[in-house]
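Encoded as structure tokens, the structure appears first; notes follow it.
The values are calculated or read from the model by the stated rules, or taken from the named source; none is laboratory data. Given the structure is predicted, the values throughout are model-derived calculations rather than measurements. Neighbour counts run over all protein chains shown; Cβ positions are idealised from the backbone, glycine included.
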Amino acid sequence: MSRWIDSWRKEGIDSLLEAPKPGRPTIIKESEWREVVDIVKEEIRQLKRAVEKIFKKLGKRISVDTLKRILKKKDFLGDVSGNP
């Protein structure tokens, strides 16, 4: 908290705005998340098939590993690997 106050004192209100995050932008946008969830629910045991459907529907090519990372980050259904 004191870091924010110090920053505000030195640089003003603009210093409190969020700076751009490093790294690659997300592939699946928040606005597309519902469609991805619906596809994954249909193909929960076949994520490779889900990836193909995501490509056909959204035009986004992602790997199964990327889909798993996205689902894990969103805390979707716990273990998405299909393992009991």
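Table for the structure above
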quantity	calculated
Flag if Ser7 is free of Cβ contacts under 8 Å to residues at least 40 places away in the same chain and surrounded by 10 or more Cβ atoms within 10 Å (Cβ to Cβ)	yes
Candidates Leu58, Leu47, Leu67, Leu16 - the one that is surrounded by 11 or more Cβ atoms within 10 Å (Cβ to Cβ), modelled with pLDDT under 85 and touching a helix residue (DSSP H, G or I) at 6+ places or on another chain (Cβ under 7 Å)	Leu16
Residues within region 19-38 that are surrounded by 10 or more Cβ atoms within 10 Å (Cβ to Cβ) and not aliphatic (A, V, I, L, M), tallied	6
Boolean, Glu18 is without any contact (Cβ under 8 Å) to a residue 12 or more places away in the chain and either touching a Gly at 6+ places or on another chain (Cβ under 7 Å) or under 30 Å from Arg3 (Cα atoms) (or both)	yes
